[in-house]
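The values are calculated or read from the model by the stated rules, or taken from the named source; none is laboratory data. Note that the structure is a prediction, hence the values are computed from the model and not measured. Reconstructed Cβ throughout: ideal geometry from the backbone, glycine too, with neighbour counts over all protein chains shown. Ligands, DNA and RNA are stripped out before the accessible areas are found, and what is left, the full protein with its side chains, is counted by its heavy atoms. Shrake-Rupley method; radii C 1.70, N 1.55, O 1.52, S 1.80 Å.
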Amino acid sequence: DVKVTQSSRYLVKRTGEKVFLECVQDMDHENMFWYRQDPGLGLRLIYFSYDVKMKEKGDIPEGYSVSREKKERFSLILESASTNQTSMYLCASSFSEDRDPYEQYFGPGTRLTVT
Amino acid sequence: QKEVEQNSGPLSVPEGAIASLNCTYSDRGSQSFFWYRQYSGKSPELIMFIYSNGDKEDGRFTAQLNKASQYVSLLIRDSQPSDSATYLCAVNMVNNNDMRFGAGTRLTVKP
């Protein structure tokens, strides 16, 4: 069974704090993704990584950065948390496009509240 | 135009009926299409994927793909209350390693 874990299910932070969200997968997947999910807006891609130390911006990278030092771990960093970053954050992983199947598997999500 | 569009619903069907969920996409070169189910407060889980034009069946679920018309659909036969969830359509874009999701259709199956 593919397992994607996230460091916290619920997190409450203050405006201006630096926030780290961690994601670990155990399936040797090349690709890892960070999304945020908001009502009515669906899943929006923040960043993804297709290899160690590689990263690509998604649709909404502003205010976020990422780190992938090891294949199994992908971290999302909120440099200075703001209230508009209150959201559900979902991590996902998949094999690369040339390996079948490459559907994405999701972690349980972190519900972040910034006050 | 959004890359992946779905009717947000809610779609309500009686138990035992067929639920039909639709999705359109903008990138004509897209190759792979996925349906995820997401229960309230939970993360998305994959139901089916389809690569080729036509139908693909898996139990009570059938995915249909029409690349010429750029739509993909999901049929759920003999709908059960446990099928009540939000269904997300996802498309792998050409020359990208990422996937684009629709906003989801909320399905309610009434006993």
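Worth a mention:
- Matching residues, segment B:1-14, being farther than 18 Å from residue B:38 by Cα and either open to solvent by 90 Å² or more (accessible area, probe 1.4 Å) or facing another protein chain (nearest Cβ under 10 Å) (or both): B:1, B:2, B:3
- Test: residue in segment A:68-91 that is among the hydroxyl-bearing types (Ser, Thr, Tyr), more than 10 Å from the chain's Cα centre (by Cα) and surrounded by 18 or more Cβ atoms within 10 Å (Cβ to Cβ): yes
- Restricted to strands (runs of 3 or more DSSP E) entirely inside segment B:1-63, those with at least 3 residues that are in contact with a strand residue (DSSP E or B) (Cβ under 8 Å, 6 or more places away or on another chain) and farther than 12 Å from residue B:106 by Cα are B:19-25, B:32-38, B:45-50, B:54-58.
- Set A:80, A:96, A:8: member being in a loop (DSSP other than H, G, I, E, B), facing chain B (nearest Cβ under 10 Å) and more than 26 Å from residue B:8 (Cα to Cα): A:96
- Residue in segment B:71-84 that is open to solvent by 30 Å² or more (accessible area, probe 1.4 Å), aromatic (Phe, Trp, Tyr) and not in a strand (DSSP E or B) present: no
- Within segment A:41-67, the set of residues being open to solvent by 70 Å² or more (accessible area, probe 1.4 Å) and not acidic (Asp, Glu) comprises A:41, A:50, A:53, A:54, A:55, A:57.
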